[in-house]
Amino acid sequence: MNKDSKIFVAGHKGMVGSAIVRNLKSKGYKNILWEYRSVLDLTIQHRVQAWIGQYKPDYVIDCAAKVGGIHSNNVYRADFIQKNLQIQSNLIEACHMYGVQNLLFLGSVCIYPKFTDQPIKEEYLLRSPLEPTNEPYAIAKIAGIKTCESYYKQHNRNYFSVMPANLYGPNDNFHPENSHVLPALIRRFHEAKESLNSVVTVWGTGEAMREFMHVDDLADACVYLLENIEAKDIYSQDISQINIGTGKDISIRDLAHLIKKVVEYPGEIKFDLSKPDGTLKRVLDSSRLNKLGWSHKIKLEEGLRDTYQWYKDNITELRSV
């Protein structure tokens, strides 16, 4: 990429997309494109084709997706597979149709099997069954990965995919039911502190292990990869995607206690054993990325404090959600 390249960030208002826009601007990229959903609905094929045909970006970063936590993934299964397949298929096809040579697709750690060796290497993809609670979303994302790989192999398009660890940070979804575990806990602890509730309830046993990455680290890794590698560098290693993570995990129990500390909540924590834990351990092997010269910078407690401050700064708007 050069500083004048036309770079379209699909999903620019979301947590990942907004972080990538911030990172690009901080590095001097001057020609960043985005569009509002009211103008460009990525689930409508002809609108996507018309928009890409009009603007013809040099690079496309696909951060657009329908996302949610365990509850929403498990309940709205048809929505998660249908919407995500539509978004990514429409965008990738339109890019190829109008000669866009460069595309970065963002997947999710949930693409990997429920039971697999840890840490998770890229080559473990499709080796065994997925976690049932988010299987539709994961299948959609796997389809996106394989679509990018197929366009590279058949048409030599510079399309490749990255798989981030569990993300958090500014612009996260803090909905009390449809968010991921970390933002949901931040909101729960904060509201319990405000209302003087003596107990905060956390789903599951607390024993599940998760890896969390600040979204600004992910954004930095994505831009670094676009600046330094091409699709052939990934596919020549006989893998379909590259992991982006910290290599460090934490139990949900310890995470809850860390968030309690950051929020300065004085009450107790109770674990609801009737709720699912999901996959018991999930941490990425990001050694390939590290060998390419990139590693994460933001430590978990530092990132939690940054995220909690953003939540407090935006709490009026978020409470309407």
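The values are calculated or read from the model by the stated rules, or taken from the named source; none is laboratory data. Just so it is clear, the structure is predicted and the values come from calculations on it, not from any experiment. Cβ coordinates were reconstructed from backbone atoms using ideal geometry, including for glycine residues, and neighbour counts include every protein chain displayed. Surface accessibility is based on the protein's heavy atoms, side chains included, excluding ligands, DNA and RNA. Shrake-Rupley method; radii C 1.70, N 1.55, O 1.52, S 1.80 Å.
Below are the figures for this structure:
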{"quantity": "Residues whose placed amide H lies under 5 Å from that of L167, excluding near-sequence neighbours", "calculated": "M213"}
{"quantity": "Accessible area in square angstrom per residue, segment 213-309, 1.4 angstrom probe", "calculated": "46 Å²"}
{"quantity": "Alpha carbon centroid spacing (whole Å) that separates segment 52-115 from segment 252-279", "calculated": "31 Å"}
{"quantity": "q = 0.13 Å⁻¹, segment 69-159: log10 I(q)/I(0) [Debye, one scatterer per Cα]", "calculated": "-0.48"}
{"quantity": "Tensor-based shape of segment 126-198 (alpha-carbon gyration tensor, a/c under 1.5 rounded, otherwise prolate or oblate)", "calculated": "prolate"}
{"quantity": "Which of P57, P113, A165, positive extreme of dipole for the chain (C-beta unit charges)", "calculated": "P57"}
{"quantity": "Segment 169-321: Rg to Rh, with Rh as the Kirkwood radius over Cα pairs", "calculated": "1.03"}
{"quantity": "Folded to 0 to 90 degrees: helix 135-155 orientation relative to the chain principal axis, Cα", "calculated": "20 degrees"}
{"quantity": "For W203, residues with placed amide H under 5 Å, excluding near neighbours", "calculated": "D272"}
{"quantity": "Pair R288, Q101: separation of 7 Å Cα→Cβ label points (nm)", "calculated": "2.3 nm"}
{"quantity": "In Hz, Karplus ³J(HN,Hα) per residue of segment 219-235 (6.51, -1.76, 1.60; θ = phi - 60°; x = Gly, Pro)", "calculated": "4, 5, 5, 4, 5, 4, 5, 5, 7, 10, 9, 10, 4, 4, 5, 7, 5"}
{"quantity": "Heavy atoms of R47 accessible to a 1.4 Å probe, total area in Å² rounded to 10", "calculated": "100 Å²"}
{"quantity": "Sorted largest first, extent of segment 1-119 alpha carbons per principal axis (Å)", "calculated": "44, 34, 23"}
{"quantity": "Calculated log₁₀ intensity ratio I(q)/I(0) where the Debye formula runs over C-alpha points of the chain, q = 0.06, 0.14, 0.15 Å⁻¹", "calculated": "-0.20, -1.11, -1.27"}
{"quantity": "Under 23 Å from K312, Cα to Cα: lysines that are on another chain or at least 8 residues apart", "calculated": "K13, K193, K260, K261, K299"}
{"quantity": "Whole-Å distance, taken between Cα centres, linking segment 286-321 and segment 212-232", "calculated": "15 Å"}
{"quantity": "Portion, in percent, of the accessible area of the chain that falls on carbon or sulfur, probe 1.4 Å", "calculated": "49 percent"}
{"quantity": "In sequence order, calculated HN-Hα J values of segment 8-21 (Karplus, 6.51, -1.76, 1.60; Hz; x Gly/Pro)", "calculated": "8, 9, 7, x, 5, 8, x, 4, 6, x, 5, 5, 5, 4"}
{"quantity": "Segment 77-198, dipole about Cα centre (Lys/Arg Cβ +1, Asp/Glu Cβ -1), debye to the nearest 20", "calculated": "160 debye"}
{"quantity": "Surface accessible to a 1.4 Å probe, per residue, for the residues of segment 136-198, Å²", "calculated": "38 Å²"}
{"quantity": "Farthest positive-ward along segment 221-321 dipole, Cα basis, beta-carbon charges - from P276, Q309, V223", "calculated": "P276"}
{"quantity": "Percentage of interatomic Cα-Cα distances in segment 176-259 larger than 17 Å", "calculated": "62 percent"}
{"quantity": "For segment 201-321, size of Cβ-based charge dipole, Lys and Arg +1, Asp and Glu -1, in debye", "calculated": "340 debye"}
{"quantity": "Cut-off 16 Å (backbone N to label point 7 Å along Cα→Cβ of D254), residues of segment 291-321", "calculated": "299-304"}
